Structure formats: structure tokens, C-alpha cells
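Report on the structure given below.
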């Protein structure tokens with residue numbers, strides 16, 4: 001009997017539990033044992049795990065977060081930690097690992113497979129939707145739904161009080177959530193990391209709206225967007241990334257808009273609300289499909305790969321290819337959004 005280890009790393013998102021369920025249920029059909037590694041790579045470093053029985057993965061389809069817990073632990077920082085991962089892989093009696101996560105989590109899986117010979121398969125998860133070689137990642141669709149709901153609610157108070165409201169959403173290197181959410185929610189301007197923010201352009205746009213009789217505006221800004229006079233912070237996570245929540249890009253932009261226009265401006269940081277709650281129907285189905293295929297990849301001995309969504313089909317993609325670069329917003333899509341900046 002094979003023993004498949006499964007873990008969830010990085011930030012939690014809705015849809016992780018469906019992916020865990022997909023891996024487990026397909027593995028059970030192959031007659032395999034499934035071990036849940038707790039809290040991402042930290043669990044492998046400390047050999048903390050539980051057996052995932054059919055009962056444990058029952059009733060979790062609609063549940064947000066992850067029953068296995070998660071962390072941003074990065075074993076790649078120390079050779080000794082990578083050695084420990086290999087040691088505990090054997091100690092736990094594992095035959096393969098399915099790592100569900102974004103670029104950082106998947107980069108550890110690739111290194112373990114390529115450099116240490118540990119059989120690993122990845123599953124793309126991130127609400128930022130920026131993992132390469134897949135059209136959608138687990139958690140993205142639900143995050144967009146939350147953003148659209150927030151914009152709908154902000155529109156009413158912005159119009160009632162004749163204010164400019166700036167909504168800061170997640171998106172470190174890619175503005176997928178901002179573009180999809182802003183386009184669907186009818187945002188009056190969208191700022192994303194892929195396109196430098198020109199404050200003068202935003203100010204001119206707002207003044208034009210005001211002159212045409214539109215005395216309110218809703219602006220969506222991705223947390224990784226750059227704006228003039230932005231003050232950086234040096235606090236970083238285990239993977240060396242600036243903790244963007246502390247940059248307060250939305251608040252900074254709001255202050256600059258009010259100073260330049262005189263329009264009353266407020267900022268809202270949507271934050272972790274975007275990654276909470278029950279997964280959407282799309283994320284549930286995507287999690288199940290990717291999880292099932294991940295278990296099949298293990299069964300086929302096809303390691304160093306991840307299942308991906310392309311043209312509504314699940315295809316196998318080498319992890320090395322998927323991690324070559326960040327998948328950023330297609331500028332054609334952004335230009336479609338710009339049509340409605342009026």
C-alpha cells in the first residue's frame with residue numbers, strides 16, 4: 001500500500017478542503033493510505049501528521065480554510081531543514097507528497113523532487129491567481145466574489161456622501177483580483193502592479209467625472225501597486241517578501257487624492273476577508289478536479305508535475321515550467337477594464 005502525504009502551504013483560501021478531499025477520495029480508490037501533514041512544510045520539518053480517513057474528509061467540501069492548517073515555513077532557507085524534510089518523509093513512511101500551494105510552496109516541492117529525489121506533485125493554489133501555466137488557481141474565484149460584493153456596497157455609500165472610496169485588495173505581483181473584481185463591480189479606476197500608477201492621471205480622471213456630474217468614485221487598488229511617494233516597509237515574511245498589508249497603499253493613495261482634488265476620500269483595506277468563508281461553486285469543483293488529478297499523477301509515477309486548468313480541461317504541467325515566472329494580468333484584459341473608466 002502506498003502512503004501519500006498531502007499538505008497545504010502559504011495563505012489559506014477557500015477551496016483547499018475540496019482539493020484535500022479530491023486527493024484523498026481518489027487515493028482511497030487506488031487502495032492507498034493518505035497522511036495529512038499539518039501546517040504546511042512546518043509539519044514535515046517536525047514530523048507532525050494525521051491519517052486522513054474517509055470520515056475525516058467527509059463533509060469538508062463547503063468548509064473554508066484548511067483542515068490541515070497552514071504556515072509560511074520555508075525549508076529552502078537552510079540545508080539542514082531540507083535534510084530534515086527528507087528524513088521525516090522516510091520517518092512518516094511516505095511514498096509521495098502532494099503539496100497544495102502557490103509559488104513558494106510549490107518551489108519547495110520542486111526542490112525536494114529535483115535535488116533530493118523526494119517524489120512530489122503540486123496543486124496550484126493562490127487567490128492572487130499568479131501561478132504560471134494555469135488559467136485559474138484555487139481560491140481566486142471566491143476572492144473575486146468577495147471583492148465584487150464589497151464594491152457593490154461601497155458604491156451606495158460613496159454616492160450618498162459624494163466621496164471617493166479607495167478599496168485595497170490583495171495582489172502582490174499580479175492584479176488579477178483587482179481587474180476581475182473591479183471590472184465585475186463597476187469600479188471607476190483600477191490600479192495594478194503590472195501598470196505603474198500615475199497619480200496625475202487618476203486626479204484628472206476624478207476631476208473629469210466630477211465636472212460631468214458624477215460626484216463620487218470607487219477606485220480599486222491591488223496591494224502591490226506602486227504609487228508616487230509610496231513609503232516602503234522593511235518587515236518581511238519567511239520567503240523574503242515585504243508584508244504588503246503594512247504598506248497601506250490604499251490609505252496612501254486616498255490621502256494623495258484628497259490632497260490633490262479636495263474631494264473627501266476614504267480608504268478600505270479588504271484584507272483577509274478575501275480569503276475567508278465558504279468556497280464558491282467554481283472553487284469547489286476546481287479543487288476537486290485538481291486534487292483528483294494530483295492523486296492520479298502519484299499513481300502514474302508522474303512526479304515533478306502539477307495539474308492545471310487550460311481551456312476548461314485539466315492538463316499536466318511540469319512544476320519547473322510553472323514556476324519560471326509570475327503569471328501577470330493580460331494587458332488586453334486591463335484595456336477592456338479601462339473602457340469603463342468614465
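Some notes on this structure:
- Estimated translational D of the stretch 266-341 in µm²/s (Stokes, Kirkwood radius over Cα pairs; 4 °C; 1.567 mPa s): 82
- Seen from every direction in turn and averaged, the convex hull around the alpha carbons of the stretch 2-100 projects onto 5.6 nm².
- With a simple spin-label model that places each label point 7 Å from the Cα along the Cα-to-Cβ direction, the separation between residue 149 and residue 30 comes to 3.6 nm.
- Size of the stretch 25-181 as Cα extents on the principal axes (Å, biggest first): 63, 37, 27
- Two-site FRET efficiency, residue 116 against residue 195, from Cβ-Cβ distance with R₀ of 35 Å, rounded to 0.05: 0.30
- Nearest 10 degrees, 0 to 90: helix 176-185 Cα axis against the chain principal axis: 50
- Every helix of 4 or more DSSP H residues in the chain counts as -39500 (n - 2.57), and over all residues that averages to -12500 deg cm²/dmol at 222 nm.
- Gyration tensor (alpha-carbon) shape descriptor, the stretch 140-275, a/c threshold 1.5: oblate
- Legend: calculated FRET efficiency, residue 160 to residue 314, from the Cβ-Cβ distance at R0 = 51 Å, rounded to 0.05, equals 0.65.
- Modelled spin-label separation between residue 78 and residue 90, with each label point placed 7 Å from Cα along the Cα-to-Cβ direction: 2.0 nm.
- In this label model, residue 211 and residue 342 are separated by 1.6 nm, measuring between points 7 Å along each Cα→Cβ vector.
- Distance distribution note for the chain: the fraction of Cα pairs above 35 angstrom is 27%.
- The relative contact order of the stretch 140-275 comes to 34 percent, based on Cα pairs under 8 Å that sit 6 or more residues apart.
Laboratory data are not the source of any read-out in this text; all were calculated from the coordinates shown. Fair warning: this is a prediction, and the values are worked out from it, not measured in the lab. Using ideal geometry, Cβ is built from the backbone for each residue, glycine included, and neighbour counts are taken over all protein chains shown.
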